[in-house]
Amino acid sequence: MTLLEIDGLRVAFPGRGFRAAPNEVLHGVSLSVAPGETLGLVGESGSGKTTIGRAVLGLVKPSGGAIRFEGREIGGLQGRARRGLSDDIQVVFQDPYSSLNPSLTIGDTLSEPLIIQGATRRDARARVRTLLDQVGLPSDAVERLPREFSGGQRQRVAIARALGPRPKLIVCDEPVSALDLTTQALVMDLLVDIQRQTGVAYLFVSHDLTVIRHISHRVAVLYRGDLVETGAAVDVTSKPEHPYTRTLLLAAPVADPAEQRRRRDERRATASAGVDR
Amino acid sequence: MITYIAKRLGTGVILALLVTFITFLLLSTSFGDVARTILGQSATPENTAALMTAKGWDRPVIVQYGDWLLSALRGDFGTSVYTSLPVGPSVVQRLLVTLSIIVPALLITAVISTMLGVWAATRGGVVDRIAQGISLIGYIVPGLLLAIGLVVIFAVQLKLLPATGYTPLADDPAAWIRSITIPVIVLTIGGVANMSAQVRGRMIDELRRDYVRTLRTRGVSSTSIVVKHALRNAGSPALTVMSLEFIQMFGAALIIENVFALPGYGSFAFNASLQGDIPVILGITAFGVALVTIVNLTTDLLNGWLNPKARDH
Amino acid sequence: MAQPESERPLTRRIEPVTKSVTAPSTSSIAVARANGGATPRTPLWKKLLRDPQAVVTTGILVVIFALGLLTPLIAPHGPNESVLSMVNAPPGTPGYPLGADESGRDIFSRLLHSINTAAISAILGTGVALIVGITAGLIGGYFGRATRATTEWIFSLIMTFPGLLLLIILMPVTGGDYRATMLIFGVLLAPGIYRIVRNLVLGVKNELYVDAARVSGVGTLRILGRHVLTVVRGPIIIAAAFMVGSTIAVQSGLAFLGVGSLEIPSFGAMISSGFRNLYIAPTQFLWPSLLLGLITASLVLLGNSLRDAFEGSKPKPSKVGAGQRVAEIDAETLAVPPAVLLGVRGLAIAYPTPSGDLIEVVKGVDLDIARGEVLGLVGESGSGKSQTAFATLGVLPNEAVITGGSILFEGRELIGLSDAQMRPLRGKAIAYIPQEPMSNLDPSYRVGSQLVEGVRSALGISKKEAKSRVLALLERCGIADPARTFDSYPHQISGGMAQRVLIAGAVASRPKLLIADEPTTALDVTVQAEILDLLRDLQSELDMAVLIVTHNFGVVADLCDRIAVMRQGRIVETGLAAQIFGDPQHEYTRTLLGAILDESSYRTDPPVTAPTQGGQA
């Protein structure tokens, strides 16, 4: 059974200016996420990958198609009905600086969603302590403000906030793109560990194929608002079917001078072959 | 560009209609009082009502407004209730007096503020503190006190300049300059306080931008970076502040005209308002809105010239 | 494939801000601070208590308005109690400490009563402005475009009309009552508050933490109250201080003109009467003027103190063209081998903290670049790699201080050179490619004219010659329609194209050393590959030495001959690219390389289908 099912999703933003034509950024994308699974969404800027995540979260309104969560249509839900989903679908954003309110303590940030769900203050406090422990932060973090933490630590706080209501799906929007190399690896390990423990599913959005390959069971490649390829992570990232996926794969430089030289030559050969054709 | 201007003009016209209508609507509540004031001691309910009918003030507001608007569009703003002089020419005459102190004050403000702001932003240290001190003094002292203080010093104590009165430029240019000197200084000090701080802040921001560093790495001279690049980019927001400053000066001129007994727009409005001279008040409002529209349009056009992004939107 | 840490989309949001304002990223300061001690977190009121200006002005205002409240107890006379024999009594007359006015009313008592008039005006005017402005600002900022367009229109309409004139015109309606007038004036002041609130709300609304709150099921009202109002509070308090000053000044101005009842004692009315009496009793206008001046000045100064306390110190200007600040250091020039084009020895750079101490972000860096060599300077954020590059170019931010070391370019010491002495080198011998293509082009000038200006500054050639050179370069840098790009404004071209333009600008005068600071970080992978190709080709064509600052080992592997690894302000390891990748010596280098996600490993564990959600503790 699928947890999340996206069917022919279209999203259009109003055009700039009076009576301007709307600007469609997703032209009918279909995807599905199974319980406990990670679906990686990869694409470059303007591919619409972030918009898919935001549509699932109810932060943008689809202009067409359907989004079903556990078989229920959630695409156009507003207000109270949408808020009811907040213990099932959560989010971890890209930017660990703007994703935490600078004037609220970590404790307040983490307990807010719990109290909204109807937890008592005492229960919330206990749960916050568990959450901090789960993401590997000291329990005295409760009293402190976001600015006292590094980017990686803030991202852990954001993960703890997402885990708070025990969701079934977390939309991860470039959660490690802002982090330094060493921190990035640690946060990704944490995400995998949590998934193994809790069986939460991830819709994992990234521009970085390497990151996607490491965390995803399945991968979907987006290009300018269209899905170009989808399949098991191994297949898509090692023997891509679609030329765009191949371009994407060859374009990323690899941290090995000899291998990078080989890849560069291959890319240039493909490019000139493309020109000859 | 033409659609841009047309759009702005359209907004101006709507603004003018709306403001004059609201003024008309608000004033219509006091028509009865005005009629009684005109009649003075002889006011009885009967002859007040008769006067209201004679003036047409008992008709529905929208009809009266329509009437007023139609004649205003033909250039006829009616006549003063008290002096029976035509409103249009009187307003223009008074407006010229006020503009003759505001326009010089604004030009001087612009020049001094740009120099002071750029100087402070590019020299730092003591120079910056002096410039900020000058700006602070202008902020701290209310215009009213400044005006009185300058009159007391220059006119009463030193007897250098006339304390009050106005000589039209056409009559005697030297006397004209003497009569507007203190009012212009008062307006300028307030203006410089605000504007120079704005220019300084914008310049500091601009000089810290990435493109400034890149221009420096190409060997572009400091003068070009400051004057050609940073100042131009700082100019667009500063211009908006300047247009608001111009409008503010109209308010400030009201008090200054009173202190210096200048026969300007503000004192005209004040007297008309005191007497409830409704046609005059409406004329003043209409000209005021027209002026505001012109100022805003000019600002938008200048902004479009300074800032290529604004042009494309 | 190794694109270890691509912070592409994010850098757009965070790095440019910190970089363009104060060059060391916030994290490097945080690191430095973590090493140096606790993070300061001073409560607002403590900051204000430490500021003598805030304490004194608050004291003055409290005393004045307390006197106002005590007026019924301490005023010797009523405000309108006139005694004929006391007309224009001089100061010091028994029972009339400051004398009496033209109607024989006690000036001292009238001053006290005027304080209350001023206070009521301030409360009414500011109160209305705050209520109207905040409400409309929250609505206009938080809700959709249509709502905002409406509020926007109304408030710009209010804003574009001279307020004082409107108050005068509406006199027949208000009857000149100062309270009614101040209520209207409050509405006229509201646009200022509206703009502040709307802008902040628009900013906050797009913050991810508000999105996160919405995802967590937090309702609109709660978001406005909890997440938005907390941010808006500071600027509103500051604006309120200034507004209280301007309501009092305007009320005085109107009373001076004679608007309203003559019965109401106010500073303006007193100044007006004193002014009329100037020749008879020259001190009469002085007392109300002084008190009014004291109140408004205190409010302005208090507003400034509040601004400092809430917003922290604003960037200060410093002398343009002064060259980099250098602390007193030993002028010991170290010998470098002649083959070395650029030799950096023991370079140390520090930044002042708010408390005035210097914190070193670069702590003794040694680097050598030979002619025609490509060196990669690699490190994580806050390692000081960009600072090192800026110091070499002589474009460190004004606050930065070079606290030690030497930078030799072709054997010439660069540290201590003035901006004017550096200028002939810049562009011509040393050139620079920035990270963020868009913010590094002046938005007000066409692409071509910016490039021409740079080329002419560096080479001193004619405009026509410079133009043909730039056009040729644009074409060389892979721009399809050079003439069209030449005539475009920066906002009309794409990020990738802007980076090509910047590269063209950098190589225009065939520099000997090209410094590229994360040249591809802001770009998409496919564009990155093309830019790397371009850089490699240009390097061999022009035989430039290149210093590439990057965090991306893939970029390093693609371009560099040698690599220097930097950590917390120090170089930990230098070597040939093959050596560093193949056999790293330093532990940190090994950690970094180890953190690169492997090319061949995939997620192998199957999805966990049975959630064990209870067992998290």
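The values are calculated or read from the model by the stated rules, or taken from the named source; none is laboratory data. Fair warning: this is a prediction, and the values are worked out from it, not measured in the lab. Because the Cβ atoms are built from the backbone with ideal geometry, glycine has one as well, and the counts that use them run over all protein chains shown. Calculation scope for accessible area: heavy atoms of the full protein, side chains included, ligands and nucleic acids excluded. Shrake-Rupley method; radii C 1.70, N 1.55, O 1.52, S 1.80 Å.
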| query | Hey, does segment C:435-452 have a residue that's farther than 28 Å from C:Thr550 by Cα, in a helix (DSSP H, G or I) and at pLDDT below 90? | reply | no
B:Leu291 meets each of (1) under 18 Å from B:Leu15 (Cα atoms); (2) more than 10 Å from chain C (Cβ to nearest Cβ) with one exception, condition (2)
With the first residue restricted to segment B:219-248 and required to be more than 24 Å from C:Gly427 (Cβ to Cβ) and in contact (Cβ under 8 Å) with a residue 40 or more places away in the chain, and the second required to be open to solvent by 40 Å² or more (accessible area, probe 1.4 Å) and not in a helix (DSSP H, G or I), Cβ contacts under 6 Å at 6 or more apart or on different chains are B:Ser236/B:Asn307
B:Ala6 vs (1) among the hydrophobic types (A, V, I, L, M, F, W, C); (2) within 14 Å of another protein chain (Cβ to nearest Cβ); (3) out of contact with any helix residue (DSSP H, G or I) (no Cβ under 8 Å at 6 or more places or on another chain); (4) surrounded by 13 or more Cβ atoms within 10 Å (Cβ to Cβ): all pass except (4)
Picking from C:Phe581, C:Phe553, the residue that is modelled with pLDDT of 90 or more, open to solvent by 10 Å² or more (accessible area, probe 1.4 Å), over 32 Å from the mean Cα position of the chain (by Cα) and at the interface with chain A (Cβ under 9 Å from one of its Cβ atoms) would be C:Phe581
Reported set for segment C:100-150 where residues are under 24 Å from C:Gln251 (Cβ atoms) and in a loop (DSSP other than H, G, I, E, B) is C:Asp101, C:Glu102, C:Ser103
The residue that is farthest from the chain's Cα centre (by Cα), considering only those in segment C:481-529 that are part of a loop (DSSP other than H, G, I, E, B) and within 14 Å of chain A (Cβ to nearest Cβ), is C:Asp524
Scanning segment C:453-481 for residues that are at pLDDT 90 or above and among the hydroxyl-bearing types (Ser, Thr, Tyr), the one nearest to C:Ala508 (Cα to Cα) turns out to be C:Ser468
Apart from one, (1) surrounded by 16 or more Cβ atoms within 10 Å (Cβ to Cβ); (2) out of contact with any helix residue (DSSP H, G or I) (no Cβ under 6 Å at 6 or more places or on another chain); (3) among the hydrophobic types (A, V, I, L, M, F, W, C); (4) not in a strand (DSSP E or B) all hold for C:Ala322; the odd one out is (1)
Contact list, first residue from segment A:239-265 and at the interface with another protein chain (Cβ under 7 Å from one of its Cβ atoms) and touching a residue at least 60 places away in the same chain (Cβ under 8 Å), second anywhere and open to solvent by less than 50 Å² (accessible area, probe 1.4 Å) and outside any helix (DSSP H, G or I), beta-carbon distance below 9 Å, six or more apart or interchain, is A:Leu248/A:Val42; A:Leu248/A:Gly43; A:Leu248/A:Glu44; A:Leu248/A:Val221; A:Leu248/A:Pro240
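Please verify whether C:Arg105 is over 30 Å from A:Ala162 (Cα atoms), basic (Lys, Arg) and open to solvent by 40 Å² or more (accessible area, probe 1.4 Å), treating the condition exactly as stated.
So C:Arg105 does not fit the description; no.
Any idea which residue in segment C:69-90 is nearest to C:Leu111 (Cα to Cα), counting only those that are loosely packed, with under 12 Cβ neighbours inside 10 Å, of a type in the set (A, V, I, L, M) and under 56 Å from the mean Cα position of the chain (by Cα)?
Just the residues of segment C:69-90 that are loosely packed, with under 12 Cβ neighbours inside 10 Å, to begin with: C:72-74, C:84-85.
Still in the list and also of a type in the set (A, V, I, L, M): C:73-74, C:84.
If we keep only those that are under 56 Å from the mean Cα position of the chain (by Cα) as well, we get C:73-74.
Numbers: C:Leu73: 14, C:Ile74: 12 Å.
The residue in question is C:Ile74.
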Condition (residue is surrounded by fewer than 24 Cβ atoms within 10 Å (Cβ to Cβ) and in contact with an Asp or Glu (Cβ under 6 Å, 6 or more places away or on another chain)) applied to segment A:228-236: is it met by at least one residue? yes
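Within segment C:205-232, count every residue that is more than 9 Å from every other protein chain (Cβ to nearest Cβ) and either β-branched (Val, Ile, Thr) or buried (at least 23 other Cβ atoms within 10 Å of the Cβ) (or both). Don't jump to the end; show me each part of the working.
Here is the first cut: in segment C:205-232, the residues more than 9 Å from every other protein chain (Cβ to nearest Cβ) are C:205, C:221, C:223-225, C:228-229, C:232.
The next check asks that each one be either β-branched (Val, Ile, Thr) or buried (at least 23 other Cβ atoms within 10 Å of the Cβ) (or both); those that pass are C:223, C:228, C:232.
Residues in segment C:205-232 being more than 9 Å from every other protein chain (Cβ to nearest Cβ) and either β-branched (Val, Ile, Thr) or buried (at least 23 other Cβ atoms within 10 Å of the Cβ) (or both): 3 in total.
Using the structure shown, decide if C:Ala466 is farther than 25 Å from A:Arg264 by Cβ and touching a Ser or Thr at 6+ places or on another chain (Cβ under 6 Å).
Numbers: farther than 25 Å from A:Arg264 by Cβ: yes; touching a Ser or Thr at 6+ places or on another chain (Cβ under 6 Å): no.
Here the answer is no, as C:Ala466 does not meet what is asked.
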C:Gly404 meets each of (1) more than 30 Å from C:Gln539 (Cα to Cα); (2) in contact with a helix residue (DSSP H, G or I) (Cβ under 6 Å, 6 or more places away or on another chain) with one exception, condition (2)
The correct count of residues that are part of a helix (DSSP H, G or I) and of a type in the set (Val, Ile, Thr) in segment B:65-88 is 1
The residue that is farthest from the other protein chains (Cβ to nearest Cβ), considering only those in segment A:94-129 that are among the hydroxyl-bearing types (Ser, Thr, Tyr) and over 21 Å from A:Cys172 (Cβ atoms), is A:Thr120
Being touching a strand residue (DSSP E or B) at 6+ places or on another chain (Cβ under 6 Å), under 17 Å from C:Val344 (Cβ atoms) and aliphatic (A, V, I, L, M) narrows C:Ile503, C:Ile430 down to just C:Ile430
*asked:* Condition (residue is crowded, with 19+ Cβ neighbours inside 10 Å, basic (Lys, Arg) and either assigned to a helix (DSSP H, G or I) or without any contact (Cβ under 8 Å) to a residue 40 or more places away in the chain (or both)) applied to segment C:382-398: is it met by at least one residue?
replied: yes
Checked against (1) crowded, with 24+ Cβ neighbours inside 10 Å; (2) among the aliphatic types (A, V, I, L, M); (3) under 23 Å from C:Val395 (Cα atoms), C:Val470 satisfies every condition except (3)
If you go through C:Tyr432, C:Tyr445, the only one that is surrounded by 22 or more Cβ atoms within 10 Å (Cβ to Cβ), hydroxyl-bearing (Ser, Thr, Tyr) and facing chain B (nearest Cβ under 10 Å) is C:Tyr432
Subset of segment B:259-284, residues in a helix (DSSP H, G or I) and either within 15 Å of the chain's Cα centre (by Cα) or surrounded by fewer than 22 Cβ atoms within 10 Å (Cβ to Cβ) (or both), comes to B:Tyr265, B:Gly266, B:Ser267, B:Phe268, B:Ala269, B:Asn271, B:Leu274, B:Gln275, B:Pro279, B:Ile284
Scanning segment B:193-223 for residues that are at the interface with chain C (Cβ under 7 Å from one of its Cβ atoms), in a helix (DSSP H, G or I) and of a type in the set (Ser, Thr, Tyr) gives B:Tyr211, B:Thr214, B:Thr217, B:Ser222
Over segment A:22-43, the set of residues part of a loop (DSSP other than H, G, I, E, B), over 17 Å from A:Ile212 (Cβ atoms) and more than 9 Å from every other protein chain (Cβ to nearest Cβ) is A:Pro22
Going through segment B:54-100 in order, the residues found to be aliphatic (A, V, I, L, M), at pLDDT 85 or above and open to solvent by less than 80 Å² (accessible area, probe 1.4 Å) are B:Val63, B:Leu69, B:Ala72, B:Val87, B:Val91, B:Val92, B:Leu95, B:Val97, B:Leu99
